[in-house]
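These notes concern the structure reproduced below.
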Amino acid sequence: MGNPISAGANRRVRLFTSPQSWIEGAAIRQLEQLADRKGIEAVSGMPDLHPGMNGPVGCAALSRGIVHPDVVGTDIGCGMQFWSLDLKEHRLKLDKAADRMLALEGPWDGDSNSLLDEHGIDAGLFAPSLGTIGGGNHFCEVQAVAEILNEDAAMRARITKGGLYILVHSGSRGLGAYTLSRHHPGHAHGIALNEGGLAYLNEHDIALRFAALNRRVIAERAMEALRTEGTEIVDAPHNFAERKGDSILHRKGAASSNCPLLPIPGSRGAVTYLVEPLAAQAEGALFSLAHGAGRKHDRASMEKRVRTQAGDLDKLTRNAFGGRVICMDRKLLVEEAPEAYKDIRRVVADLEAHGLCRTVAIMRPLITFKTARDASRSSERRHS
């Protein structure tokens, strides 16, 4: 079993990685800076750690009496939701199904306000965004089982060969950013619980619930398009703050290990690992696990790293498993190319080496939906 690495001389910072993994120096420096913030008692970095806007992505930070809204960030509640479908893989007509998935583009045609009221969520002006995926690395993906490594755990989770599954990655849309803008004081000192921190956490919890419901509506839209039904297996946010008494556990790009099963996806051209968190070493990692492969290259550099001729872009709409990638936004297609991400196999291997989880199954991507909107043409129309 591996031993966590302490970053520099700061023993409160623990990295759950290995010498075989590449972690940018900038990400480690951000992790150390996070540990030096007011009220922070411990910080853990996952093997998908990479630099972020107000601190690293792929980490957890425990504080006492102080909440740091900018650590959670703008997309409060962003996370993964995993469903099993009633439809079997041998019944799926890939190209026809991909065409049907285009129905995910645009606003949901359901009654957002009524559904939000039913769940006691006041999303204000952001209600119309319910059921939408958003940009960046968000997606809705149809998956099939590539391999089962733990038959008993897979059976408990209803993971079977020949079955189809949906993985949704999305968050609170504009509501999270609005919440942060209302409570971020503009510095890294955080907010004391009795001086506005509780008010932030109350609004944070609304965005957290909105994000989970958003993923559910996206999944239901996808199932309607595929003419099937399904069962939710797990919903796992990875941008959120969890309060117990005066302790606050912040997670930025880190999922809670207090779930029976967690999906850890790679890039849109890679597999997703379904893992079972293990309790023995969980406390040292602040009860957290990696949320995905983590970026290896920033978005701005991808134009130089990916060939962008028409034929090369067409190749980006297929994955190595013969699956389809629906992303008509050329810029997003390049920014989210598989080369932008770390090797998910290495990330999960590090987690397993530290005794944090074990793999239950490996899923391969069949259809990855990001957007059916051509942003460049939309921009041309706006300026014509």
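Looking at segment 216-228, can you tell me whether even one residue there is polar (S, T, N, Q) and either crowded, with 20+ Cβ neighbours inside 10 Å or under 19 Å from PRO263 (Cβ atoms) (or both)? No - not one qualifying residue is present in segment 216-228. Taking the criterion of being in a loop (DSSP other than H, G, I, E, B) and touching a Ser or Thr at 6+ places or on another chain (Cβ under 7 Å), the residues of segment 270-301 that qualify are ALA282, LEU286, PHE287, ALA293. Out of all the residues in segment 258-317, which are more than 24 Å from ALA241 (Cα to Cα), under 17 Å from the mean Cα position of the chain (by Cα) and basic (Lys, Arg)? Answer for segment 258-317, where residues must be more than 24 Å from ALA241 (Cα to Cα), under 17 Å from the mean Cα position of the chain (by Cα) and basic (Lys, Arg): ARG268, LYS296, ARG299. The residue that is surrounded by the fewest Cβ atoms within 10 Å (Cβ to Cβ), counting only those in segment 86-100 that are over 21 Å from ALA372 (Cβ atoms) and touching a residue at least 40 places away in the same chain (Cβ under 8 Å), is HIS90. Identify the residue in segment 275-307 that is under 23 Å from ILE326 (Cβ atoms) and not charged (D, E, K, R) and, among all such residues, is surrounded by the fewest Cβ atoms within 10 Å (Cβ to Cβ). Going through the qualifying residues, I end up with HIS297.
The residues of segment 311-359 that are out of contact with any Leu (no Cβ under 8 Å at 6 or more places or on another chain) and among the polar types (S, T, N, Q) amount to a single one, ASN319. Kindly establish whether ALA349 is surrounded by fewer than 21 Cβ atoms within 10 Å (Cβ to Cβ), small (Gly, Ala, Ser) and in contact with an Asp or Glu (Cβ under 6 Å, 6 or more places away or on another chain). No, not satisfied.
The sole residue among HIS187, HIS204 that is modelled with pLDDT under 95 and either closer than 21 Å to ASP36 by Cβ or not hydrophobic (A, V, I, L, M, F, W, C) (or both) is HIS187. Here ALA42 qualifies as surrounded by fewer than 23 Cβ atoms within 10 Å (Cβ to Cβ), at pLDDT 95 or above, within 22 Å of ALA353 (Cβ to Cβ) and within 23 Å of the chain's Cα centre (by Cα).
From the list ARG221, ARG251, ARG216, the lone residue that is in contact with a Phe, Trp or Tyr (Cβ under 8 Å, 6 or more places away or on another chain) and farther than 19 Å from PRO69 by Cα is ARG221. Inside segment 170-269, counting only strands (runs of 3 or more DSSP E) that do not spill past its ends, which hold 1 or more residues that are in contact with a His (Cβ under 8 Å, 6 or more places away or on another chain) and closer than 19 Å to ILE367 by Cβ? Of the strands (runs of 3 or more DSSP E) lying wholly inside segment 170-269, those with at least 1 residues that are in contact with a His (Cβ under 8 Å, 6 or more places away or on another chain) and closer than 19 Å to ILE367 by Cβ span 262-265. Among the residues of segment 116-147, those identified as closer than 29 Å to ILE159 by Cβ and surrounded by fewer than 18 Cβ atoms within 10 Å (Cβ to Cβ) are HIS119, GLY136, ALA146, GLU147. The C-beta contact set for segment 356-371 (first residue closer than 10 Å to ALA144 by Cβ, second residue among the small types (Gly, Ala, Ser) and crowded, with 24+ Cβ neighbours inside 10 Å, distance under 6 angstrom, 6+ apart or interchain) is empty.
Quick check on PHE16: is it more than 30 Å from PHE126 (Cβ to Cβ), in contact with an Asp or Glu (Cβ under 8 Å, 6 or more places away or on another chain) and of a type in the set (A, V, I, L, M, F, W, C)? Taking the combined requirement at face value, the residue satisfies it.
The values are calculated or read from the model by the stated rules, or taken from the named source; none is laboratory data. Note that the coordinates shown come from a computational prediction; the quantities given were computed from them, not determined experimentally. As a convention, Cβ positions derive from the backbone with ideal geometry for all residues, glycine included, and neighbour counts pool all protein chains shown.
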